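Presented below is the structure to which this report refers.
The values are calculated or read from the model by the stated rules, or taken from the named source; none is laboratory data. Bear in mind that the values here come from a model prediction, so they are computed numbers and not experimental data. Positions of Cβ are generated from backbone atoms using ideal geometry, with glycine treated the same way; all protein chains shown enter the neighbour counts.
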Amino acid sequence: MKSTILITGGAGYIGSKISYDLTDQDYNVVVIDNLSTGNKKLINPKSKFYKIDILNTKKISKIIKDHKIKNIFHMAACLNVEESMTDKKKYYLNNVEGTKSLCIAAGKDVKNIIFSSTCSVYGQTKKKIVSENTKIKPISYYGQTKYLSELTIKKFSKSNNFNYAILRYFNVAGSDEKLRTGCINENGQLITNLVSKFKKRKYQINIFGKKYATPDGTCIRDYIHVSDLSKIHIKSMKYLENKKESFLINCGYGKGYSVLDVVKNFEFVTNKKFKLVFKNKRRGDIDNIIADTKKLSKKLKIKLLYSQNVRHILSSSLQWGVKNK
């Protein structure tokens, strides 16, 4: 067996996928999750699970020492953009203070931390395609807390002498190829909502905003399959182990799809027509954001499997959704 990896938030959508991919490669995996948004159904049975809050520094420190943890995937966080605008205390405590707690618990034992960040840190930018050097100006409090968490990791990396990979996700969808895990929560995201409506045979979808500065008036997003995102995480860990050099990268495909594009493609995949109900735009949403992926390709030299067409992502999300009625 290979070394033991710690995943915070490992009972969540992305964390559980990474957990399965790691055990498929013969790594030992320890999962920490307080199950506030994570789900027991998603926990990899081959992993060692601890129901612990990320703020419990003392217990996490003991787990790190007991299992001789050298690599951490830090996924634990509150994620809802709209909720973050009305409950800032919750988001600061869980995202920023939680990251600080983990760094303190890691001490000087941990060598590498791979952090789950977000493209929300860029905010409303005039650039349609954003690089890692694009100015940071988050408009959602969720984005603010993720950026503050990035700064926290950078600060502790110097004092605690660990390396880090900061991965700024664009919109994540799809499920595990073996249908062992996928998105299980009603998270308010478009693809999850479409799958939920299809399962309930209610072919109607809410569209939040129709006057964005985009060709069809709806938001444009860059979608990445969760399997490719998991590959990026594991490749990032191996890069840190070999190169011992910290880095920050965007995680997307460099392609943008509007809300209406996604709905039309979902209609094609399901052969069902959806009624569109236009609502007011949500606080914290931005017009258009697509990843510049040049640094991702150059740094990790990774082959992504699902970047050609959003329909692969939609079909994968649908298969998981239908399985988990």
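Summary of computed values
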read-out: Matching residues, region 176-230, being aliphatic (A, V, I, L, M), within 22 Å of A11 (Cα to Cα) and assigned to a loop (DSSP other than H, G, I, E, B); value: L179, I184
read-out: Output for region 268-292, where each listed residue is part of a loop (DSSP other than H, G, I, E, B) and touching a strand residue (DSSP E or B) at 6+ places or on another chain (Cβ under 6 Å); value: F274, K281, R282, D292
read-out: Flag for F170 being touching a residue at least 24 places away in the same chain (Cβ under 8 Å), under 14 Å from the mean Cα position of the chain (by Cα) and either outside the structural domain of K272 (by TED's automatic domain parsing) or under 30 Å from V322 (Cβ atoms) (or both); value: yes
read-out: Leading residue by the ranking (surrounded by the most Cβ atoms within 10 Å (Cβ to Cβ)) among those in region 228-259 that are under 12 Å from I166 (Cα atoms), of a type in the set (A, V, I, L, M, F, W, C) and more than 14 Å from the chain's Cα centre (by Cα); value: M237
read-out: Within region 128-166, considering residues that are among the small types (G, A, S) and farther than 30 Å from T214 by Cα, the one surrounded by the fewest Cβ atoms within 10 Å (Cβ to Cβ); value: S159
read-out: Where a residue in region 84-97 is in the same structural domain as E150 (by TED's automatic domain parsing) and its partner, wherever it lies, is basic (K, R), with Cβ under 9 Å and at least six apart; value: S84/K90; M85/R282; M85/R283; T86/R283; N95/K146; V96/K146
read-out: Test: residue in region 149-165 that is in contact with a Leu (Cβ under 8 Å, 6 or more places away or on another chain) and part of a helix (DSSP H, G or I); value: yes
read-out: Members of region 106-144 that are within 24 Å of N163 (Cα to Cα), among the small types (G, A, S) and touching a Lys or Arg at 6+ places or on another chain (Cβ under 8 Å); value: S117, S120, S131
read-out: Test set (1) under 25 Å from K281 (Cβ atoms); (2) small (G, A, S); (3) modelled with pLDDT of 95 or more - A213 fails condition number; value: (3)
read-out: When residues of region 131-150 are limited to those that are of a type in the set (F, W, Y) and under 19 Å from L55 (Cα atoms), the one modelled with the highest pLDDT; value: Y147
read-out: Any hit, region 230-245, residues being in contact (Cβ under 8 Å) with a residue 40 or more places away in the chain, among the small types (G, A, S) and within 27 Å of D176 (Cβ to Cβ); value: yes
